[in-house]
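Inspection log for the structure reproduced underneath, given as structure tokens.
The values are calculated or read from the model by the stated rules, or taken from the named source; none is laboratory data. Just so it is clear, the model here is predicted, and its values are computed rather than measured. Here the Cβ is made from the backbone with ideal geometry for all residues, glycine too, and neighbour counts use every protein chain on show.
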Amino acid sequence: MTKIHVPHPWIRERAKLGPARTKHEGLGFNGRLAVFATEKFGSMGAFYVLVAWMFGWMALASLGFSGFRNDPYPFDFLLFLSNLVQLFALPILAVGQQVLSRASDKQAELTFRDAEAILKLQDEVRHLIEINNEMTREIHMAIQNNGEKAPSPA
């Protein structure tokens, strides 16, 4: 009862592919720029810069500093500049998210295939355990039968 182990074909293929990464997406300049902007805009550092810019502008305009004196409360020019940032950032962030989601989808596909291979290997291990249990029972029965047939010492 010999069984030759045949590795799951995905194991060799997975070793060649390696992990799915955004840089493997074959991005051009625009894709790399979109991913860069998405990663930078999506950071807490960018949030702090934008908050500091807004509160700094409002403080300088409220105190009447030279360049900000022309933008009194409710800070129309600040609102205009903030809208421009949003209008320019929206398309590039959407493209960056699309590129990042493609890489994420590939990672999910690889994880799924890994799980399939693991489940197949787990099924093979279960089968080997069943064979081992059956052989152990046979050995146990053989030992018991030999013990009964052996003549007892007088």
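Right, Ala103: at pLDDT below 85, closer than 30 Å to Leu33 by Cβ and within 27 Å of the chain's Cα centre (by Cα) or not?
yes
For segment 105-127, name all the residues that are among the aliphatic types (A, V, I, L, M) and either in contact (Cβ under 8 Å) with a residue 60 or more places away in the chain or in contact with a Phe, Trp or Tyr (Cβ under 6 Å, 6 or more places away or on another chain) (or both). Working first, answer last.
We begin by selecting, within segment 105-127, every residue among the aliphatic types (A, V, I, L, M); these are 108, 110, 115, 117-119, 121, 125.
Within segment 105-127, Leu110, Ala117, Leu121 meet the criteria.
In segment 120-132, how many residues are surrounded by 11 or more Cβ atoms within 10 Å (Cβ to Cβ) and of a type in the set (A, V, I, L, M, F, W, C)?
Number of matching residues: 3.
Answer with yes or no whether Ala115 is within 30 Å of Glu13 (Cβ to Cβ) and among the small types (Gly, Ala, Ser).
For Ala115, the condition - within 30 Å of Glu13 (Cβ to Cβ) and among the small types (Gly, Ala, Ser) - is met.
Looking only at segment 9-34, count every residue that is in contact with a Lys or Arg (Cβ under 9 Å, 6 or more places away or on another chain) and modelled with pLDDT of 75 or more and tell me the total.
Here the count works out to 4.
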